[in-house]
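Notes follow the structure.
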Amino acid sequence: MNKFVKLVIAALMVACGIYLMMNRNIGWGLVVVILSALPVALFFKNEYSLLSFWQLRKQNFQKALDWLHHIKNFKTQLHRSQWGYFHYLQGLCIAQDSPKQVEAFMKKAMEYGLNMKPDRAMATLNLAAGALTRGNKTEATRLLEETKRLDTAGMLTDQIKMLKDQLKVPNMRKHAHNPNMRIRGKFN
């Protein structure tokens, strides 16, 4: 549903509530006017995003992703402040199945903007992990420092420490030697 349809529904509910109050149904009129706040709230927080957050809290990643798939065009269905969270939720949902795709979603989430510091910290941590898997240690170190700065609550200290330990491990692609390289000429 388009986000502006929700505002039209809220306006119609307010008009209906006022009409009921004019016809001496003050109680029902107040109930309808108070209930008109629900579509206004859903204008700023999409119902599918809220349901996805709820499934994510229950660690049910597949159902959370299914709720997100109900959003066909995020630019028309979501308020601008929720565009970053749409990509952030998608990145968190697919992190278990395909970690290589997470980095693209987190970059878009950071580009559109995340309001809360813990969410930005989680996104930069995922970006640091992606940089580390690509072998870009300088970018991974920079992103880890930014994650450490954003994580004021200390919820990601274990993950930061684990990634810093992985930074210390030498890159095996540069140091791996093929044992068959020495005897390559013997069998030709």
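The values are calculated or read from the model by the stated rules, or taken from the named source; none is laboratory data. Predicted model, so just to flag it, every value in this text is computed and none were measured. Here the Cβ positions follow ideal geometry from the backbone for every residue, glycine too, while neighbour counts run over all protein chains shown.
Of note:
- Note on the stretch 78-123: residues that are touching a residue at least 40 places away in the same chain (Cβ under 8 Å) and surrounded by fewer than 18 Cβ atoms within 10 Å (Cβ to Cβ) total 1.
- Which numbered condition ILE71 misses (of (1) among the β-branched types (Val, Ile, Thr); (2) farther than 23 Å from ALA121 by Cα; (3) out of contact with any Phe, Trp or Tyr (no Cβ under 9 Å at 6 or more places or on another chain)): (3)
- Qualifying residues in the stretch 144-167 (those that are assigned to a helix (DSSP H, G or I) and among the acidic types (Asp, Glu)) - the one nearest to the chain's Cα centre (by Cα): GLU146
- Residue in the stretch 122-135 that is in a helix (DSSP H, G or I), modelled with pLDDT of 90 or more and of a type outside the set (A, V, I, L, M, F, W, C) present: yes
- Any hit, the stretch 45-59, residues being more than 19 Å from ASN115 (Cα to Cα) and free of Cβ contacts under 8 Å to residues at least 12 places away in the same chain: yes
- 3 or more residues over 29 Å from the mean Cα position of the chain (by Cα): qualifying helices (runs of 4 or more DSSP H) within the stretch 12-92: 26-35
- When the stretch 33-52 is limited to residues that are modelled with pLDDT under 90 and among the aromatic types (Phe, Trp, Tyr), the one that is farthest from ALA11 (Cα to Cα) turns out to be PHE44.
- Scanning the stretch 152-170 for residues that are hydrophobic (A, V, I, L, M, F, W, C) and touching an Asp or Glu at 6+ places or on another chain (Cβ under 9 Å) returns a single hit, ILE160.
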